Every structure is written in structure tokens, then in C-alpha cells.
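**Q** Before we start, here is the structure in question, set down as C-alpha cells.
Derivation of every value follows stated rules applied to the coordinates shown; laboratory data play no part. This structure is a prediction, so every number in the text was calculated from the model and none was measured. Here Cβ is always computed from backbone atoms with ideal geometry, including for glycine, and neighbour counts include all displayed protein chains.
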Amino acid sequence: MTDAVWQAFALLGSLNADLIEIIGLSLRVSLAAVLIAALVGLPLGALIATRRFPGRGAAIVLVNTLMGLPPVVVGLMVYLWLSASGPFGALQLLYTPTAMIVAQTILVVPILIALTRQIVADLDAELGEQLRIFGLTRWQQILTLLHEGRAALTTALLAGFGRAIAEVGAVLIVGGNINHVTRTMTTAIALETSKGELALAMALGLVLIFIAGLVNAAAMALRGGADAQLAPGRS
Amino acid sequence: MDQTVLRPIMRDVQVMPIAGDALVVRRDGRTLLDRAALSIAHGAGVTVIIGPNGAGKSLLIRTLAGLVVPDLGRVTWAGSPPDRRRARRTGFVLQRPVMLRRTALDNLVYVLKLHGHNDAAGRVVAMQHLADHGLARVAATNAQRLSGGEQQRLALLRALVLEPEVLFLDEPAANLDPASTLAIERQLNVAVEKGLRVVLVTQDLAQARRLADEIVFLHKGRVLEKGEAHEFFRAPATAEARAFLAGDLVL
Ligand SMILES: Nc1ncnc2c1ncn2[C@@H]1O[C@H](COP(=O)(O)OP(=O)(O)O)[C@@H](O)[C@H]1O
Ligand SMILES: [Mg+2]
């Protein structure tokens, strides 16, 4: 056990090539997922926050339901779509990093929609009338609200990234944990631990803890900065 | 006649005169504006709306500005209903100023860019305006951190840099000290001399006497009096207005 700890640090210290490859793939997959999720989630969240349209209530229920979906269920869903007999089987995406990006995107989108909706709705209550006074179009209003909420929205993106990078069930199902192809930090930890190879698992665990710490520190710095510069201060 | 040629063109860009015709606004089963009728003529000057708390002054001014759609009756700007494009020719200063999360300078630059200035030109123009109004010192300060008086002066400036045809103000000096109130009134007077029409709600009768060319007296959602300011203060026509001026109007 103590041996494993030392080996873990040795692995980290030696910048082991396998280790670096796994970390790199995890980061690439999760960053891509968050980026795509942001492109979908920010506009949709803002739209739901600022516009009344038929089906809006249903959309909110759907988003909340999706947010609560267990990652393995999302993994299963994507697996069924991408498997050879599934609707997207012809694309041959199963067991590729792209499949993992798809699964993580689906996990992150509902979070981003829900958080964006809340952030933009609060800002709209504060600024909406003034923006209408400025004579903005709907889209200009939404863009301005997103810009005004940039600090809080960045925190939401970090939360999405946290969920993506820490997730194991979905990427295991659609990625398959194939060495040098789809092995991520979390799937490697699961596999290595089950084989009793604790050193690599612990090294990756330490990296994940470090990333979680970094994400939280970034979120806190943003909030702190936002509080210091941006909090309404009226005398 | 000239008018028939001019009208279709003018209607595009012109807001004044503003007319509210039998405006009714109901909320939660209460009639808040009760067939309020009012017209505000084209041209420079100050129309002051006064009346007891809860009379519907804020609602009336927001309806005239096109921010509230009446349940019955209609508002027209130069003969046609308010639209977003012409809303850009109006300004509105809220009782509690709403500042964007950026510096004082950038709050001005933001609206200038909406009206077609590029960033560089907007900055120069904005800085000049801040300097002209004694706000240069706070140009780089986050606008939401400014004092109430500074925010309100900035809100007024932000509305005025676009050179609107008409400016609505809802109790802009309600929470301000005398010096800030004076600064705001000076700023307004300068703009009126340059041709602005001001529609102002105030609780402050002294302010109403200082600024008003024309008084609108609102009572329980109805316009009870509208007329020349001196005349109104000298001899209010209704018992309600007399009681209000005497300070003993009980709702
Ligand atoms: N959106 C609303 N819903 C319900 N009641 C409202 C709403 N807006 C205003 N009121 C009510 O309408 C009345 C007039 O409000 P307001 O125009 O703010 O009065 P004033 O500005 O003259 O003090 C008040 O009694 C207020 O409570
Ligand atoms: Mg009011």
C-alpha cells in the first residue's frame, strides 16, 4: 500500500508517457464536450429565461429530468444510437473519443441550460426594463444579458467541466476503455483498481483531485473577483 | 398641403406629440389607470406629473413611454403606436438607476455603440460627456459602485447622449441630496434649452414648481387636471388638487 503511494508519485514525477496520454485524452474529451455543450446550452438557457413560448414548461421539466439522469443511462442511450444496428451505426463512432464527447456533451448540456436559465432570469429581472428602454431587439437583449452574466456563466462552465471530467459510467460504455484510444483517467482508475494495480490508479486519482482543486479555485477567484468589482454597491 | 407630403416621412422618426387616450390598466382586479387621458405637445418644455402615492404616476409614465401596454385605450407617438425603432428616440430614467456591470465610461460607450458609433469614437464622445458633467473622475469606476447621486447623474447622461426627442423621468431625485438634485435639474434645464421635451414624475412639489412648464395632476388613476404650471399652483381647479397642494389629501 505504501509502496503503491510511492510508485504513484514516481509515475507522476517521471511524466510517464501512458499517464500523460491518458490525462491528455481526458482533458481533450471533456473540454470539447463543455465547448459544444456551451454552444447549445447558453443560447437555449437564455431563450428559456427570456421568452415565453408554447412548450416552455415542458422544456424546463425535460431539462430538469435530463439533469438528474444517471451517467450510465446516458451511456447506454448513446451506445444504442451508435452501435452497429443503431440509427447512427453507419458512422462507426462507437469506442472512439468522439463517442465519449457525445456522451459527456449530453451530460453537461442540461446543467448548462439550467444554470444559464437561472443566471439570465435573475439578470433579466434586474436589467430587462432598462434594456427595453435602450430599444434593443430580443437578440441584442439576450447577448447583453449573457455578457453581463459572464462571471457567473464561467462558473457554470467550470461546473460542467467538473461533471464531465469526473464521469466514468458513460465514457466506459461508449468508449470501452481501450488502451491508447479511449482510456481516460476515470476509466483507467476503474480498470487498474479492479486489477489490483493501485499505483497508476492512485497517480490518476491525484491528478483528478488536483484538477478538481484547480476548477474550484478558478470558480472561487471568479466569484471573488465578481464580488469585489461587480456587486451592486449603492449608497 | 406640405403636411400630407411630410407626414409619412416624419412618422418614421418622430415621437412627439405623445397622446394617451382613455388609458385603462388593470392588475389583480384593481383599476390602476382609469381612463387616463393626456397629450404632450411637440417641442421643448417640462411636463411634470404629480399626485398622491399610488395615484398611478409611474404606471402612466411607463405606459406613455411604451413600456406598459394598456388594457384599454391607446398610446400614440406622432399618431401611431409606439415601436422599438422610435423607442430609441426616447429616454427613460428610472427612480432606481440600472447600471450595466461595467465602468461608468463603458456604460456610455455601450449606448453610443447601439446608435452606430464605433468603439473608438464612442470612447472619445463618452469621455467628453463625462468631463462636461463633472464625472470624469469616476470614468474608470465600476458604475454599480458609484454613489446614488453619481449613478443617477450617469443614468441621466446616458439617456441624454443619444439626444432623445423626449425624456421620461420617474422621481429621479427621490433619494438624492440637495447638491445632486441641483446637478440633475441643471442638466435637465440645459437639455430643455436645446429642445428636449421632459416628462417628469416627482413627489417634490418644490421641484415641480422649479421645473414645470405644465402640470398634470393624477388622482386615483385619472388625470384630474392638466395645465400651465403657474396657473395650476395659483388656482387649482379641483378640490382634490387643492387638498393635495395643502398637504392634507387623504386617500
Ligand atoms: N404590476 C402591478 N401589479 C399590481 N399592482 C400594481 C402593479 N404596478 C403598480 N401597481 C399598483 O398600482 C398603483 C399605482 O402604482 P404607481 O403607478 O407605482 O403609483 P405612483 O407612482 O403614483 O406612486 C399602486 O397601488 C400599485 O400598488
Ligand atoms: Mg411611482
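**Q** If each DSSP helix of 4+ residues adds -39,500 (n - 2.57) and the sum is divided by the residues in chain A, what number results at 222 nm, nearest 500 deg cm²/dmol?
**A** Values: 10 runs with 186 residues, N = 235.
For chain A, the value works out to -27000 deg cm²/dmol.
**Q** I would also like to ask the following. Counting only C-alpha contacts under 8 Å and six or more residues apart, can you give the relative contact order of the range B:18-245 as a whole percent?
**A** Numbers: 410 pairs, mean separation 68.0, N = 228.
Relative contact order, the range B:18-245: 30 percent.
**Q** Using the Karplus equation 6.51 cos²θ - 1.76 cosθ + 1.60 (θ = phi - 60°), what ³J(HN,Hα) coupling, rounded to whole Hz, does each residue of the range A:61-72 give in order, writing x for Gly and Pro?
**A** 4, 4, 4, 5, 5, 4, 5, x, 4, x, x, 5
**Q** Something else now. Enumerate the amide H contacts of B:HIS42 below 5 Å, restricted to partners 5 or more residues apart or on another chain; note that Pro and chain-start residues carry no placed amide H.
**A** none
**Q** How are the C-alpha pair distances of the protein assembly as shown spread across 10 Å bins, as whole percents from the shortest bin up?
**A** Bin by bin from 0 Å, the calculated values are 4, 16, 21, 18, 14, 11, 9, 5, 2, 0, 0.
**Q** For the range A:186-222 and the range B:154-221, write down the distance between their C-alpha centroids in whole Å.
**A** Each part reduced to its Cα centre gives a spacing of 61 Å.
**Q** Something else about it: Could you tell me whether the range A:1-83 comes out rounded, prolate or oblate from its Cα gyration tensor? Rule is a ≥ b ≥ c as square roots of the eigenvalues, rounded for a/c under 1.5, then prolate if a/b exceeds b/c, otherwise oblate.
**A** Details: a/c = 3.07, a/b = 2.52, b/c = 1.22.
Prolate, since a/c reaches 1.5 and a/b exceeds b/c.
**Q** How much mean residue ellipticity at 222 nm does chain B get from its helices, if each DSSP H run of length 4 or more adds -39500 (n - 2.57) and you divide by all residues, to the nearest 500 deg cm²/dmol? Intermediate values should be presented prior to the final figure.
**A** Values: 10 runs with 99 residues, N = 251.
Value at 222 nm, helices only: -11500 deg cm²/dmol.
**Q** Could you state the orientation-averaged shadow area of the convex hull built on the Cα atoms of chain B, in nm² to one decimal?
**A** Working: hull surface 60.0 nm².
In nm², the orientation-averaged hull projection of chain B is 15.0.
**Q** Per-residue HN-Hα couplings for the range A:45-51, Karplus 6.51 cos²θ - 1.76 cosθ + 1.60 at θ = phi - 60°, whole Hz, x for Gly and Pro?
**A** In residue order, the calculated couplings are x, 5, 4, 5, 6, 10, 10 Hz.
**Q** Could you derive backbone 3J(HN,Hα) for the range A:196-205 from the dihedral phi with the Karplus parameters 6.51, -1.76 and 1.60 (θ = phi - 60°), listing whole Hz in sequence and x where the residue is Gly or Pro?
**A** Taking θ as phi minus 60°, the curve returns x, 8, 7, 4, 5, 4, 5, 4, 5, x Hz for the range A:196-205.
**Q** Using a/c under 1.5 as the rounded threshold, could you call chain A rounded, prolate or oblate? The axes a ≥ b ≥ c are square roots of the C-alpha gyration tensor eigenvalues, and prolate needs a/b larger than b/c, oblate otherwise. Walk me through the intermediate numbers first.
**A** Details: a/c = 3.07, a/b = 1.57, b/c = 1.96.
It is oblate, given that a/c is not under 1.5 and a/b is not larger than b/c.
**Q** Among the lysines, which have Cα under 30 Å from the Cα of B:LYS226 when same-chain residues fewer than 8 positions away are ignored?
**A** Candidates past the 8-residue exclusion: B:LYS57, B:LYS194.
**Q** Using a 10 Å cut-off around each Cβ of peptide A:120-130, what is the average number of partner chain Cβ atoms that fall inside? Mind dumping the intermediate values first?
**A** Details: counts 0, 0, 0, 1, 0, 0, 3, 4, 1, 5, 9.
Averaged over the peptide's residues, the number is 2.
**Q** Under a crude label model (7 Å from the Cα following the beta-carbon direction), how far is A:ALA125 from B:GLU193 in nanometres?
**A** Modelled inter-label distance: 4.4 nm.
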